[in-house]
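See below for the structure under consideration.
No lab work stands behind these numbers, since they all come straight from the coordinates. Everything quoted here is computed from the prediction, not taken from an experiment. Quick reminder, even Gly has a Cβ in these numbers, built from the backbone with ideal geometry, and neighbours come from all protein chains shown.
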Amino acid sequence: MRERQKEKWFMKICMVAWAGMCLGSMLMGQAPTSGNQELRLDLIQLPPGFQISVYARGVSGARSMTLGSRGTLFVGTRGEGSVYAVLDQDGDQKAEEVLTLVTELNTPNGVVFRDGDLYVAETHRVWRYQDIESHLRNPSQPVLILDNLPKDRRHGWKFIAFGPDGWLYVPVGAPCNACRPADERYASLLRMRPDGTGLEVFARGIRNTVGFDWHPETEELWFTDNGRDWLGDDLPPDELNRATGAGLHFGYPYCHGGDIPDPEFGQERGCQEFTPPARKLGPHVAAIGMRFYTGDMFPEEYRNQIFIAEHGSWNRAEPLGYRLSLVRLEKGQVTAYEVFAEGWLQGGRPWGRPVDVLVMPDGALLVSDNQASVIYRITYQP
């Protein structure tokens, strides 16, 4: 009880501090970061040979991305309640138009394209927009395929994707910082058939995953998970997890990072009972969007390696994250975790926040930024 009261007070303090920072910026003649701000791409540090450019501007609150079969980039949002179609009609690798497909949805973060249809996940339901690329300027009425998911807004936004098995994977985050809800769907990853039938729990003990992908060769599921708050600046780490099959439990709320017992629930079950993370990530970096790199543009050493968008900490004394990380694998085991792109955080303040990554057909890597409201394009040229 004391911990929950402390958490509420800390959240209020952080909200006041953020508001004060924005007010101070305005008084000094500096507008808070927005989609209209100057993009300081010159500040982004990348490995030699890599370049970053703007693929699309004016994508307000850009978050999860998926690509249509005709080249349409679909982008979900949270607070904006909209889903966009980003068009590069002349093929110059720079979008000319951003269409708003739908509005007034409940945090439609999750989007995925399959067989001509666009699936959109709100907090509590999933829709299917049929033959979407033929109706971008006048979408047809969607088909509701699932509408009975929990409505909790905390950790309720979703990333969705189709697995190699043809099933749609849909997470349900914990409705709290650390708790043990009676409904087994909380803190889990669900899966169902494309028509919404057969809904089942695939994995448990997952506090909040907003990014996952399948290894291109082994077809094993890998996913990021955001660690709990209020155990200090450096505990616990965010996680990169590997699910070798269905039915695994990854520790939440009993154990964090594979070896850190929860102060409230840790005495009930030991850490050795659960599947440990494949790699501990930075503490509170908000590791969300992730993809295996499957393109041909980047050097061979990047093939089948993992790119992670670290959205950035919100309650750490010294901000951490606001970058792209690279996780290197060898024979299914993590061998390195390193920074790939950084520079969105300057002087302790972010001007941009990476959210999701997406490999394009030409091998370029797209990166969404909800704070700057843009989509970046990262390329490689020796």
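Got a sec? How would Thr72, Thr294, Thr275, Thr209 order by Cβ neighbour count within 10 Å, fewest to most? Walk me through the numbers before you get to the answer.
Values: Thr72 21, Thr294 13, Thr275 17, Thr209 27.
Taking fewest neighbouring Cβ atoms as first place, the list is Thr294, Thr275, Thr72, Thr209.
Kindly identify the stretch 277-368 as rounded, prolate or oblate by the Cα gyration tensor criterion: order the square roots of the eigenvalues as a ≥ b ≥ c, call it rounded if a/c is under 1.5, otherwise compare a/b with b/c, prolate if a/b is larger, else oblate. Present the calculation step by step, with values, prior to reporting the outcome.
Numbers: a/c = 2.46, a/b = 1.47, b/c = 1.67.
Since a/c reaches 1.5 but b/c is at least a/b, the shape of the stretch 277-368 is classed as oblate.
Considering only DSSP beta bridges where both residues belong to the stretch 163-309, give the percentage that are antiparallel (nearest 5).
On the way: 25 of 26 bridges.
Antiparallel: roughly 95 percent of the beta bridges in the stretch 163-309.
Do any trypsin sites (Lys or Arg not before Pro) in the stretch 276-382 lie in a DSSP loop with no more than 14 other beta carbon atoms within 10 Å, and if so, which?
Details: sites: Arg279, Lys280, Arg291, Arg303, Arg316, Arg323, Arg328, Lys331, Arg377; in loops: Arg303, Arg316, Lys331.
Of the trypsin sites (Lys or Arg not before Pro), the ones in loops of the stretch 276-382 whose Cβ has at most 14 other Cβ atoms within 10 Å are Arg303, Lys331.
Any chance you could list the semi-axes, whole Å, largest first, of the equivalent ellipsoid that the Cα gyration tensor gives for the chain, using √(5λ)? Let's see the in-between values first.
Working: eigenvalues 166, 131, 99 Å².
Value: 29, 26, 22 Å, ordered largest first.
Any chance you could check the Cα centroid distance between the stretch 248-274 and the stretch 140-209 for me, in angstrom?
With the stretch 248-274 and the stretch 140-209 each reduced to a Cα centre, they are spaced 21 Å.
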